[in-house]
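These notes concern the structure reproduced below.
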């Protein structure tokens, strides 16, 4: 169980730390709504404040009630994932790591919501005039973890199928 717990706790802590450090650096070096061109025609670092969800969904000014709802929803989601983690004592390391990405990302954005009532987004990918909504490392971790977990669930044979 110690190794299994380490596979959850260490990546969660790393993702939260990396997310918070990156947001701190952006918030303290790039003015709000300013951008730094990193890779011409593809990537900018921007400083955007988001009261909504990942990738700017439901982001609107004065949405304070929505912020409290997202805090509560995140707390419930993290609690459910931790409950699932405890029930998956025999899960393989890949499933545990996928779950840790989701939990780490959720907590990273939760820290912002509690502290700032909004989330700092800064990664701005674009091709020509099409811009993907700005996001952050926590959003990336949640997305990667969710896709990884779905792949694990879809392609992992159930115990009954393995015995056939």
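None of the figures in this text is laboratory data; all of them are computed from the coordinates on show. None of these values were measured; they are calculated from a predicted model. Positions of Cβ are backbone-derived with ideal geometry, glycine not excepted, and every protein chain shown enters the neighbour counts.
Listing 115, 49 from fewest to most neighbouring C-beta atoms within 10 Å gives 115, 49.
Cα gyration tensor of segment 2-156, axes a ≥ b ≥ c as square roots of the eigenvalues: rounded (a/c below 1.5), prolate (a/b > b/c) or oblate? Judged from the Cα gyration tensor, segment 2-156 comes out prolate (a/c at least 1.5, a/b above b/c). What order do you get for 94, 23 when you list them from fewest to most C-beta neighbours inside 10 Å? Ranking 94, 23 by Cβ neighbours within 10 Å, fewest first, gives 94, 23. Net length available on complete extension from residue 151 to residue 80 is 23.6 nm, with 0.36 nm assigned per residue and the Cα-Cα distance removed.
A Förster distance of 22 Å, applied to the separation of the beta-carbon atoms of residue 144 and residue 38, puts the FRET efficiency at 0.60.
By the count of other C-beta atoms within 10 Å, a proxy for reagent exposure, 92, 121 are ordered fewest to most as 92, 121.
The residue 111 and residue 14 beta-carbon pair, evaluated with R₀ = 22 Å, returns a calculated FRET efficiency of approximately 0.95. Highest mean packing first, where packing is the average number of other Cβ atoms within 10 Å per residue, the peptides 141-148, 26-33 line up as 141-148, 26-33.
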